[in-house]
Amino acid sequence: MILGLAVSLPSFAAITQSHGYAQFGTLKYPANFQHFDWTNPDAPKGGTLRLMASGSFDTLNPYTLKGTSPTGTGDFLQYGVN
């Protein structure tokens, strides 16, 4: 066990801290980048998000033991939406 610990200690010295990881090449974005290239920071804010899910349900109470909750609601019913 002591031999295994002694062999693994040099690997801890090679650890470096970084804001990101690139599997190939260098990082594309610096540590303080403002937005991704494919986003528009001047895009209008707000709007409505509508999601569709097909299925049936017989309860909206997430704490009941019987019944089937609506498909696609996930944690919305349990934690609410702000």
HN-Hα couplings for segment 26-35 via Karplus (6.51, -1.76, 1.60; θ = phi - 60°), in whole Hz with x for Gly/Pro, come out as 9, 5, 7, 10, x, 5, 10, 5, 8, 7
Long-range amide H partners of residue 59, meaning residues 5 or more apart or on another chain whose placed amide H is closer than 5 Å, are 68
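Bear in mind these aren't lab numbers, they're just calculated from the coordinates by the rules spelled out. All of these numbers come straight from a predicted model, not from anything done at the bench.
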